[in-house]
Amino acid sequence: MKDFQYAAPTTIQDATSLLTEHGSGARILAGGTDIIVQLREGLREADIVVDIKKIPELSDCQYSDVSGLYLGAAVACCDIYENADLAGRYGALADSTHIIGGWQIQSRASVGGNLCNASPAADTIPALIALNAEAQVTGPAGQRTIAVAAFCKGPGKNALVDGEFVVAIKIPPQSANMGSAYQRFIPRNEMDIAVVGVGSWIELDTVGNIANARLSLGAVAATPLFAEEASQFLVGKEPNDDNFALAAELAKQIVTPITDMRGTAQYRTHLVGVLVKRTLTTALARAQA
Amino acid sequence: MTTATKKIHVTTTVNGESVEFLCEPRNSLLEVLRDTLGLTGCKEGCNNGNCGACTVIINKRPVNSCLVLGVEAEGAEIETVEGIADARGLHPIQDCFLEGAALQCGICTPGFLVSAKALLEKKPGASEETIRFDLSGNLCRCTGYDKIVRAIQEADKQLSASTDDSKTND
Ligand SMILES: Cc1cc2nc3c(=O)[nH]c(=O)nc-3n(C[C@H](O)[C@H](O)[C@H](O)COP(=O)(O)OP(=O)(O)OC[C@H]3O[C@@H](n4cnc5c(N)ncnc54)[C@H](O)[C@@H]3O)c2cc1C
Ligand code: FES
Ligand code: FES
């Protein structure tokens, strides 16, 4: 591995100065489960690695019924799915963090890192899009907010400019009539990259019809997708298998998958339909529970 | 870069003892443990997070030491396979691996022991499915896993029997 310097700032300000000073020569280190491999294999280079785990705002995790979830960007996956309160509210997020790598990876891997690494097959991103999450970003020009649905710009590319980093992920508050789920298809039982991943979120109205829905798809395009038309279709509908199947057909229309060793484009498209139906069914059960 | 990066001084705790070392920022904790501290129990299998042979516990959590920088160990509490046995002898998990022939070449064994100990401490009475899911970050090319899972189940029984005994003795 090429030599680099290491810094572990304890404030957002210090981190911003370091990142601004070193520009593209700086790499952020959260859980390291992507970046250490990439540096070792020469896929990325760094003059300085900036460890953000000592900044309190990045490890904070708080929920309120008014502002929703504040999830520090460096919080590890296991802190999410092991938190029963959080996992109950944000089913899709718990589902996705529980299947990233194995236990050792989940002890370190963060949702912020999963998002910023911007893999088309990243597991938390469709979950975050379905949950209508935003990234709270800070940089030399101040703070800004980017919807997760608009955060990825291509495989390994995100919307951040030099000097910027994600401080937290914010997700709207959840009430008892809402439910969400994430599922992926992999040929093994665990420890593999999604062939397709789907996140679903629904809100039920007082008579039990769908008041709102958000569907999102992973590993079927250069970036994770928000399936807007399929989501809109469900609004006002009865939550039944027929409507879920129609939404699944609409979702299949927006995908542009590749064919690779994990599956053909045709197979991936088929899987989108299957997983949209399954995740909607789970999300519904959670909203009704 | 032309100038050599300075080595960084790190103070940490390994198996209950305070330890200091110097390392370059790019050195992994696995390299530090094996090459600087002589704790060669943790193994390098893949060096990219997939095999779990390098598993150690940091602050009560199992991690792949090949994906941790040595400098990140500052102030941490690390447990390695060397810390599992105590003065009285092998830990029940180690005994059960031996008795149950849960190893062949043995390269994966330290990682499995560390993960299994963490698992049984956190989830005593874990089902076979939980054991298999939670240990999916540990790969074994030799045994086919069944003997490993059975050894862990047997150790779990012995550990819960010994806590029951200590309760009745009170
Ligand atoms: C064995 C193994 C299995 C894996 N399995 C899966 C899987 O099943 N599903 C999956 O989705 N991924 C998987 N991954 C990939 C990886 O674990 C995840 O993407 C993880 O969430 C990355 O988080 P991290 O905290 O480790 O990120 P890091 O490696 O620390 O960082 C990732 C990238 O994001 C940047 N970054 C990190 N935090 C920030 C921030 N706050 N602001 C700006 N930039 C930032 C870093 O500079 C780097 O480029 C696996 C990796 C391994 C090694
Ligand atoms: S050597 Fe670390 S996981 Fe394989
Ligand atoms: S005993 Fe050889 S790899 Fe497990």
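Computed quantities for the displayed model
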| read-out | value |
| --- | --- |
| Conditions (1) in contact with a helix residue (DSSP H, G or I) (Cβ under 6 Å, 6 or more places away or on another chain); (2) of a type in the set (Gly, Ala, Ser); (3) within 26 Å of A:Ile80 (Cα to Cα): number failed by A:Ala147 | (1) |
| The stretch B:31-63, residues that are more than 16 Å from ligand 3 (Cβ to nearest atom), open to solvent by less than 10 Å² (accessible area, probe 1.4 Å) and not β-branched (Val, Ile, Thr) | B:Leu33, B:Gly49, B:Pro62 |
| Residue within the stretch B:126-148 that is within 16 Å of ligand 2 (Cβ to nearest atom), among the basic types (Lys, Arg) and surrounded by fewer than 20 Cβ atoms within 10 Å (Cβ to Cβ) present | yes |
| Number of positions in the stretch B:102-159 that are away from chain A (no Cβ under 12 Å), more than 9 Å from ligand 3 (Cβ to nearest atom) and part of a helix (DSSP H, G or I) | 19 |
| Any chance B:Cys96 is within 16 Å of ligand 3 (Cβ to nearest atom) and not assigned by TED's automatic domain parsing to the domain that holds B:Gly144 | no |
| Residue within the stretch A:197-216 that is in contact with a Leu (Cβ under 6 Å, 6 or more places away or on another chain), closer than 20 Å to A:Leu128 by Cα and assigned to a loop (DSSP other than H, G, I, E, B) present | no |
| Residue under evaluation A:Gln143, criteria (1) closer than 26 Å to A:Asp65 by Cβ; (2) within 11 Å of ligand 1 (Cβ to nearest atom), criterion not met | (2) |
| Boolean, B:Leu22 is hydrophobic (A, V, I, L, M, F, W, C), over 18 Å from B:Leu135 (Cβ atoms) and over 14 Å from the mean Cα position of the chain (by Cα) | yes |
| Qualifying position, being within 12 Å of chain A (Cβ to nearest Cβ), under 13 Å from the mean Cα position of the chain (by Cα), in contact (Cβ under 8 Å) with a residue 24 or more places away in the chain and more than 16 Å from ligand 1 (Cβ to nearest atom), among B:Ile57, B:Ile78 | B:Ile57 |
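So that you can scan it fast, the table gives a plain yes or no per residue for (1) among the polar types (S, T, N, Q); (2) away from ligand 2 (no atom under 16 Å from the Cβ); (3) within 12 Å of chain B (Cβ to nearest Cβ); (4) closer than 21 Å to A:Ile171 by Cα:
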residue: A:Phe4; (1), (2), (3), (4): no, yes, yes, no
residue: A:Ala8; (1), (2), (3), (4): no, yes, yes, no
residue: A:Thr11; (1), (2), (3), (4): yes, yes, no, no
residue: A:Asp14; (1), (2), (3), (4): no, yes, no, no
residue: A:Ser24; (1), (2), (3), (4): yes, yes, no, no
residue: A:Gly31; (1), (2), (3), (4): no, no, yes, no
residue: A:Val37; (1), (2), (3), (4): no, no, yes, no
residue: A:Glu41; (1), (2), (3), (4): no, no, yes, no
residue: A:Ser64; (1), (2), (3), (4): yes, yes, no, yes
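The values are calculated or read from the model by the stated rules, or taken from the named source; none is laboratory data. On a predicted model such as this, the values are computed, not experimentally measured, just so you know. Note that each Cβ is placed from the backbone with ideal geometry, even for glycine, and that neighbours are counted across all protein chains shown. What goes into the accessible areas is simple: the full protein's heavy atoms, side chains included, and nothing from ligands, DNA or RNA. Shrake-Rupley method; radii C 1.70, N 1.55, O 1.52, S 1.80 Å.
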